[in-house]
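Following: one structure in structure tokens, then a few remarks.
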Amino acid sequence: MGSRGPRAAKSRWLHHQRVKGKVIQASGFPRGFVLYLLYQSISYMKQPLDPRNFAHLFFAGRSRITLVNTKRETHIRLKIKEKRERVNGKLVGTGRFYLYTSILNDGDTGWQYAAVFFKDTYRYRLGADHQQGSQIHRVSQFVYDALKSPEILTQKGVELHHEGRCCRCAMPLTHPDSIQLGVGPDCIHHMPESFFIDLVQGKLTLV
Ligand SMILES: [Zn+2]
């Protein structure tokens with residue numbers, strides 16, 4: 001099913017809904033489809049995330065983001081986890097985010113440590129196993145460039161997709177708004193205002 005990709009899902013985003021006796025075409029996920037998604041755990045059958053939120057999602061804490069290159073029909077999976085340390089008995093974030101990539105697309109195996117990213121500058125340090133100019137290096141550099149200038153995602157036809165789990169706590173997302181944003185209803189309170197301002201305005205600008 002995973003090979004169907006986001007394109008295959010596109011036609012499902014519009015569905016017909018009866019409002020005050022009239023059948024209208026509605027956007028968003030019908031409830032049954034959300035449940036279907038949940039049970040099937042299908043990763044890619046959803047709308048792309050807002051590319052302007054890339055840095056917010058990348059540095060949310062426990063994200064899994066798939067970069068889908070719609071022009072070349074390729075994708076790369078990213079797993080990003082913040083290093084946490086115990087300070088006075090409490091676990092606190094360190095601002096260092098470990099990036100793992102799965103380029104081979106072989107399910108949950110094949111994750112490779114790529115680089116550590118620093119939230120304050122977006123800079124990264126490539127893992128010692130990787131050569132300059134290697135594919136992992138190019139991926140890390142692309143991530144850095146996209147964190148700095150998310151518009152390059154749109155320019156290069158790269159869509160962001162989460163995997164149905166909250167980018168902050170990794171719990172499954174169930175509410176359509178949460179699915180659209182990539183962050184659950186509890187974690188949304190920990191995201192900066194700029195993250196969900198479009199939702200507040202009742203409009204999500206999707207590319
Ligand atoms: Zn969460």
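Numbers for the structure displayed
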quantity: Cα gyration tensor, region 112-157 - rounded (a/c under 1.5), prolate or oblate; calculated: oblate
quantity: For residue 167, net neighbour charge (Lys/Arg +1, Asp/Glu -1) across residues whose Cβ lies under 10 Å away; calculated: +3
quantity: Region 91-150: relative contact order in percent, alpha carbon pairs under 8 Å with at least 6 residues between; calculated: 25 percent
quantity: Virtual spin-label span in nm between residue 84 and residue 70, 7 Å along Cα→Cβ; calculated: 3.5 nm
quantity: ³J(HN,Hα) computed for each position of region 92-101 - Karplus, 6.51 cos²θ - 1.76 cosθ + 1.60, integer Hz, glycine/proline x; calculated: 10, x, 9, x, 9, 10, 8, 9, 10, 10
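Where a number appears in this text, it was derived from the coordinates with a stated rule and is not lab data. Fair warning: this is a prediction, and the values are worked out from it, not measured in the lab. In this analysis, Cβ positions are derived from the backbone assuming ideal geometry, glycine residues included, and neighbour counts consider all displayed protein chains.
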